[in-house]
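Asks: Structure incoming, see below.
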Amino acid sequence: MRTCKSGQLWPIWLWDVKDVVLVWPKKLMAECEAQCKEWGYDEILLFVESTNTRAKKLYGKLGYRRAWIKKDATAMKVTEDGYLTDEQVELWCMRKSLKPGLFGLLGM
């Protein structure tokens, strides 16, 4: 099985000025998924911080399911004074099968 991780993509930025918050992420993810299929990948993985409930909800609506949780991940954060710092976070790995039909729905 070939897996594409979201960080491997150079997505095409699709702007929809009237509804950037709702329409744009869906179009962007559709483009990323189409590119992964074109490259021959069977699934796509992405990582989201567990506290980012809006992103988790959006990805869930787009068919992504939680694959695993990494409780001791490190993320770079910007402090109030503009400096970068490492911070402990909990990351969710979410996956979506790119296979068509029943096999794709079952994540096989």
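The values are calculated or read from the model by the stated rules, or taken from the named source; none is laboratory data. Small disclaimer: the values here were computed from a predicted structure and weren't measured. Heads up, the Cβs are rebuilt from the backbone with ideal geometry, glycines too, and the neighbour counts pull from every protein chain shown.
Asks: Which of (1) over 18 Å from Ser97 (Cβ atoms); (2) at pLDDT 65 or above; (3) in contact with a helix residue (DSSP H, G or I) (Cβ under 8 Å, 6 or more places away or on another chain) does Asp16 not meet, given it meets every other one?
Replies: (2)
Asks: Here's another thing I want to ask about it. Of everything in the stretch 59-90 that's in a strand (DSSP E or B) and of a type in the set (Ser, Thr, Tyr), which residue is nearest to Glu31 (Cα to Cα)? Step through it out loud before you land on a result.
Replies: Taking the stretch 59-90 first, the residues in a strand (DSSP E or B) are 65-78, 84-90.
Those still in the list that are of a type in the set (Ser, Thr, Tyr) too: 74, 85.
Details: Thr74: 28, Thr85: 32 Å.
Among those residues, the one meeting the criterion is Thr74.
Asks: Return a yes/no flag: does the stretch 63-77 have any residue that is under 10 Å from the mean Cα position of the chain (by Cα) and surrounded by 15 or more Cβ atoms within 10 Å (Cβ to Cβ). Outline the logic, then answer.
Replies: Residues of the stretch 63-77 under 10 Å from the mean Cα position of the chain (by Cα): 64.
Those left that are additionally surrounded by 15 or more Cβ atoms within 10 Å (Cβ to Cβ): 64.
Yes, the conditions are met somewhere in the stretch 63-77.
Asks: Do we find that Lys56 is part of a helix (DSSP H, G or I), touching a Phe, Trp or Tyr at 6+ places or on another chain (Cβ under 7 Å) and either of a type in the set (A, V, I, L, M, F, W, C) or within 16 Å of Arg95 (Cα to Cα) (or both) in this structure?
Replies: Judged against the criteria, Lys56 is a match.
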